[in-house]
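The structure under discussion appears below in the form of structure tokens.
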Amino acid sequence: MKSNQEDYMKYWRVIRQFAKVRYELTQSDLDMMFFLYSEKYFDRAKFAEYDTILNWDMNRFESLRARGWIEVFRPKLKNNKALYQLSIKARRVIQSMYRKMSGEEIPTSNSFNRMFLKNVSYTDKVYRDMIIKMNEAIKQQRHQTPE
């Protein structure tokens with residue numbers, strides 16, 4: 001499905017919720033990872049630059065490191081400060097989210113998407129229903145013949 005420029009973000013909220021649930025991330029974690037995605041390497045100051053506009057969490061950097069979303073590229077050495085990068089895992093999540101915004105379907109298998117398990121919250125059920133509708137719309141648009 002080729003998304004029109006006007007509807008590229010149509011299902012952003014659904015995709016975002018899927019990623020938050022699937023990867024156990026917060027909205028601020030995702031926002032930070034999107035910011036850092038285009039930075040090949042970054043230091044703590046670059047991280048802090050964007051962190052100032054997110055919900056306050058003094059442990060965000062260490063939490064993302066501990067959970068494997070950020071990794072050390074170059075440790076601190078004498079006069080050189082440490083440099084970091086998003087892990088392969090983090091880059092793959094962001095790439096996956098971009099693909100979904102471009103029209104890739106969200107998996108509905110309960111082994112991949114826990115929103116499709118039986119005993120989930122009301123919120124997960126609502127998003128699950130929207131994922132099904134979104135996937136149907138994507139399939140329908142993919143099979144439309146050009147005019």
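The values are calculated or read from the model by the stated rules, or taken from the named source; none is laboratory data. Computed from a predicted model, the values in this text were never measured in an experiment. Note that each Cβ is placed from the backbone with ideal geometry, even for glycine, and that neighbours are counted across all protein chains shown.
Here are the numbers for the structure shown:
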item	result
Qualifying residue in segment 63-85 (condition: in a helix (DSSP H, G or I), touching a strand residue (DSSP E or B) at 6+ places or on another chain (Cβ under 6 Å) and surrounded by 12 or more Cβ atoms within 10 Å (Cβ to Cβ))	yes
Any chance Lys46 is basic (Lys, Arg), more than 19 Å from the chain's Cα centre (by Cα) and in a helix (DSSP H, G or I)	yes
Residues within segment 114-127 that are part of a loop (DSSP other than H, G, I, E, B) and surrounded by 15 or more Cβ atoms within 10 Å (Cβ to Cβ), tallied	1
Of all residues making up segment 102-147, the number that are among the hydrophobic types (A, V, I, L, M, F, W, C), in contact with a Ser or Thr (Cβ under 6 Å, 6 or more places away or on another chain) and closer than 15 Å to Arg16 by Cα	0
Qualifying residue in segment 100-113 (condition: assigned to a helix (DSSP H, G or I), closer than 25 Å to Tyr8 by Cα and modelled with pLDDT under 95)	yes
Matching residues in segment 49-62 - criterion: being more than 16 Å from Tyr37 (Cβ to Cβ) and part of a loop (DSSP other than H, G, I, E, B)	Thr52, Ile53, Asn55, Trp56, Asp57, Met58, Asn59
